[in-house]
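Beneath this line is the structure, given in structure tokens, with notes to follow.
The values are calculated or read from the model by the stated rules, or taken from the named source; none is laboratory data. Keep in mind that what you see is a predicted model, and the values were worked out from it rather than measured. Here Cβ is always computed from backbone atoms with ideal geometry, including for glycine, and neighbour counts include all displayed protein chains. Quick note on the areas: whole protein, heavy atoms, side chains included, nothing else; ligands and nucleic acids left out. Shrake-Rupley method; radii C 1.70, N 1.55, O 1.52, S 1.80 Å.
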Amino acid sequence: MTQDVEMKEVPAPAPSNSVTAATPSTLQHLKEIASLIESGAYAREVRRILRAVRLTIALRTKLNASVVNAFLNFSLVPGSEVHSRLASYLPKEDEHDMEVDTATSATTALAKHSLPELEIYCYLLVLIFLIDQKKYSEAKACSSASIARVKNLNRRTVEVLASRLYFYYSLSYELTGDLAEIRGNLLALHRIATLRHDELGQETLLNLLLRNYLHYNLYDQAEKLRSKAPRFEAHSNQQFCRYLFYLGKIRTIQLEYTDAKESLLQAARKAPVAALGFRVQCNKWAVIVRLLLGEIPERTVFMQKGMEKALRPYFELTNAVRIGDLELFRTVADKFSSTFTADRTHNLIVRLRHNVIRTGLRNISISYSRISLVDVAKKLRLDSANPVADAESIVSKAIRDGAIDATIDHANGWMVSKETGDIYSTNEPQIAFNSRIAFCLNMHNEAVRALRFPANSHKDKESAEKRRERQQQEQELAKHIAEEDDDEF
């Protein structure tokens, strides 16, 4: 006989703190970073300082005033000049934001550090926190104080932290619209970094100066600085990508479109996948440069993951240039004028008008063997006071540049396109075929030369007498070994 068993409710166990205890707090992470910086400073290993900076960037979303203040109490002596200055930039702590560390409290910290690396790191941490909290006035004051401190330090382990301080120093002034104020300081810092052979600081400051000049459209000064700056091997891929991007912008303004295209595409390829905004900017400028060169970018350029919406205005602009429709080009330019102005590409798009007209004229010359200049002006939708005269000048310039193969009948006011002849009746196919054959023969000859022995290799070979002597010694040795084998049996 079965008997029902009454199930009594068991109270749920209290939530355990094992998970929270096992998960290190943000303050504990910062203390580990401080110990990493300390070991890197004593061992003079820059790699540890670099790792500390990367770990800090990963923690920046978890920072709050209480954590930063507690870390300052841990790293610096409370009441000291540096501690008081940095604490003054931070907002007052709230009780509900306090993060308590049971292992070691902020007031009973470990031995106080007096390392310059840790002091500079505290400046960097406070500066990042202030910028993330959008307290730009405090960030400006903090960055200026940190730069004044960095100028007096000449240590290899400080250079990595100093390069990050330079970046946030410029960013804090850019966010407040006072970027021109620090141009002299950046030039002085670049000179100091050059004298100290601080190559990481040099490339960072060079990019900041180029950004400073380009922000105010001072392209000539930027090119002069870039051409006079010392050459060295790039140490940071991010800084090298920024340099290529600024170089591409300078080359674009200077009408050197081929070099600009190469620099911009290389910057977009080398940029990290996570740097989506930077890659979008590179692609925007690269699209404009390719259009100015007369090229039409592939559709896949505008369909890259995460870039479809940002590159949509440039896709419609490319479509207008490809068709050669001047009215559609004006419509797109007016529709997205605010976007082009924000991207600082509006002046470049004005240059594209001539390319649109030339593309439309090329389509007309292919479609019609003879067409009046009045109809050319109508098809190109020229809205000037004298469209026929403008059409005539445009056609004559296109003929002179070789864009179209036509003539102008001034008496009748016609544009007469030349008939497309049989290209195989000319020497052009033979010339192209000959160049390809020459390329293949040159490649074959280089491969044959690579298989040959190096020059004067015969001098290293042994002479005939030495060879005979060596062979005789080998025969005697073999005979001796054979005699010993016979004796064993």
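Only one of (1) under 20 Å from the mean Cα position of the chain (by Cα); (2) surrounded by fewer than 16 Cβ atoms within 10 Å (Cβ to Cβ); (3) among the hydrophobic types (A, V, I, L, M, F, W, C) fails for L210. Which number is that?
Here L210 meets the rest and fails (2).
Wholly within the stretch 24-90, which helices (runs of 4 or more DSSP H) include no fewer than the required count, namely at least 2 residues that are in contact with a Lys or Arg (Cβ under 7 Å, 6 or more places away or on another chain)? Explain how you work it out, then say what you get.
On the way: elements: 26-43, 46-59, 65-75, 81-89.
Once the helices (runs of 4 or more DSSP H) in the stretch 24-90 are filtered for at least 2 residues that are in contact with a Lys or Arg (Cβ under 7 Å, 6 or more places away or on another chain), what remains is 26-43, 46-59.
Among the numbered conditions (1) farther than 21 Å from Q281 by Cβ; (2) in contact (Cβ under 8 Å) with a residue 24 or more places away in the chain; (3) surrounded by fewer than 17 Cβ atoms within 10 Å (Cβ to Cβ), tell me where E199 comes up short.
(3)
In contact with a His (Cβ under 7 Å, 6 or more places away or on another chain) and either small (G, A, S) or open to solvent by less than 60 Å² (accessible area, probe 1.4 Å) (or both): which single residue out of F340, F315 fits that description?
Details: F315 fails: in contact with a His (Cβ under 7 Å, 6 or more places away or on another chain).
Every option except F340 fails the conditions.
Name the single residue that is surrounded by the fewest Cβ atoms within 10 Å (Cβ to Cβ) among those in the stretch 345-366 being farther than 18 Å from L382 by Cα and under 29 Å from the mean Cα position of the chain (by Cα). First the steps, then the outcome.
First, the residues of the stretch 345-366 that are farther than 18 Å from L382 by Cα: 345-348, 366.
Checking the rest, the ones that are also under 29 Å from the mean Cα position of the chain (by Cα) come to 345-348.
Details: T345: 22, H346: 15, N347: 11, L348: 18.
My answer is N347.
Do the conditions hold for I323, that is, is it β-branched (V, I, T) and at pLDDT 85 or above? Quick ask: steps written out before the conclusion?
On the way: β-branched (V, I, T): yes; at pLDDT 85 or above: no.
It is false that I323 is β-branched (V, I, T) and at pLDDT 85 or above.
Considering only residues that are basic (K, R) and in a helix (DSSP H, G or I), which ones fall in the stretch 188-202? Spell out how you get there, then give the answer.
So in the stretch 188-202, the residues basic (K, R) come out as 191, 196.
R191, the sole residue that qualifies.
Say whether the condition of being open to solvent by 60 Å² or more (accessible area, probe 1.4 Å) and modelled with pLDDT of 80 or more is met by at least one residue in the stretch 15-24. Give the derivation first.
Within the stretch 15-24, the first condition is being open to solvent by 60 Å² or more (accessible area, probe 1.4 Å), and the residues that meet it are 15-24.
Narrowing the set further to residues that are modelled with pLDDT of 80 or more leaves none.
There is no residue in the stretch 15-24 that is open to solvent by 60 Å² or more (accessible area, probe 1.4 Å) and modelled with pLDDT of 80 or more.
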